[in-house]
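Below is one structure; the comments refer to it alone.
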Amino acid sequence: MKKTVLAVIGGIVLVVIIFIVAAIGGMAYFVRSHIQAQQTTTETASEEFAKARARFEGQHPMIERTRRDDDEQFVIHRPEASARRSELQTLRALAFEHDRERLVRIAIPFWLLRLAPSGKGFSFMQDSDIDLGRTRLTIDDLERHGPGLILDTHDRRGSDVLVWVE
């Protein structure tokens, strides 16, 4: 009886360890496949930004940076509450860190963003000097905005940032 109990406990521990390893591996694969960073020149990064911006020519970003005295603030141009929601697939971001000459491409599936608690704001710029925390951007805001340009700015360190949804 004692050996059977130990075998069952050992089996459960083994299954839990395999599950943890698989979860960590899956998360690492997910992050690696959705976030790409590469060293590049300023010229190459400028070309990438120009191509991306050309898609949104004539469009104003949903989030705009304003300056009042020495305080920078972000204003969200929220769609009307009655605006029809769009089925969005991906939130994309392109960022270039001039000091490190690093271009970062991010593609976050929208289903993952929908897992966030309903009605709560979220921040996709946590690692930058751009503070969108007070804007309380929600999934509903993005879905009512629909596909298009969300943010085109730079942070305090001079990194260029472009965010859009598809």
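Scanning for something in the same structural domain as LEU142 (by TED's automatic domain parsing), assigned to a loop (DSSP other than H, G, I, E, B) and of a type in the set (Asp, Glu), does region 35-47 turn up at least one residue?
The answer is no; no qualifying residue exists.
Which members of region 52-85 meet the condition of being modelled with pLDDT of 90 or more and surrounded by 15 or more Cβ atoms within 10 Å (Cβ to Cβ)?
ALA52, ARG53, PHE56, PRO61, MET62, listed by residue number.
Does any residue in region 149-166 that is closer than 25 Å to PRO79 by Cβ and in contact (Cβ under 8 Å) with a residue 60 or more places away in the chain come within less than 7 Å, Cβ to Cβ, of a residue that is surrounded by fewer than 17 Cβ atoms within 10 Å (Cβ to Cβ) and of a type in the set (S, T, N, Q) six or more places away or on a different chain, and which pairs are these?
Close Cβ pairs (under 7 Å, with a partner that is surrounded by fewer than 17 Cβ atoms within 10 Å (Cβ to Cβ) and of a type in the set (S, T, N, Q)) amount to LEU149/GLN59; GLU166/GLN89.
Have a look at SER86, SER82 and point out the one that is free of Cβ contacts under 8 Å to residues at least 24 places away in the same chain, over 20 Å from ASP152 (Cα atoms) and either assigned by TED's automatic domain parsing to the domain that holds ASP140 or charged (D, E, K, R) (or both).
None of the others qualify; the one that does is SER82.
Since PHE74 meets every condition but one in (1) outside the structural domain of ARG144 (by TED's automatic domain parsing); (2) part of a strand (DSSP E or B), which condition does it not meet?
(1)
Can you tell me which residues in region 48-65 are in a helix (DSSP H, G or I), of a type in the set (D, E, K, R) and touching a residue at least 40 places away in the same chain (Cβ under 8 Å)? Give the derivation first.
First, the residues of region 48-65 that are in a helix (DSSP H, G or I): 48-54.
Imposing the further condition that a residue be of a type in the set (D, E, K, R) reduces the set to 48, 51, 53.
Residues satisfying the conditions are GLU48, ARG53.
To keep it simple, each residue is scored yes or no on (1) under 15 Å from LEU149 (Cβ atoms); (2) under 20 Å from the mean Cα position of the chain (by Cα).
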position: VAL16; (1), (2): no, no
position: MET27; (1), (2): no, yes
position: GLN36; (1), (2): no, yes
position: GLU43; (1), (2): no, no
position: MET62; (1), (2): yes, yes
position: ARG84; (1), (2): no, no
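The values are calculated or read from the model by the stated rules, or taken from the named source; none is laboratory data. Just so we're clear, the structure is a prediction, and the values are computed from it rather than from any experiment. Glycine also receives a Cβ, built like all others from the backbone with ideal geometry; neighbour counts cover every protein chain displayed.
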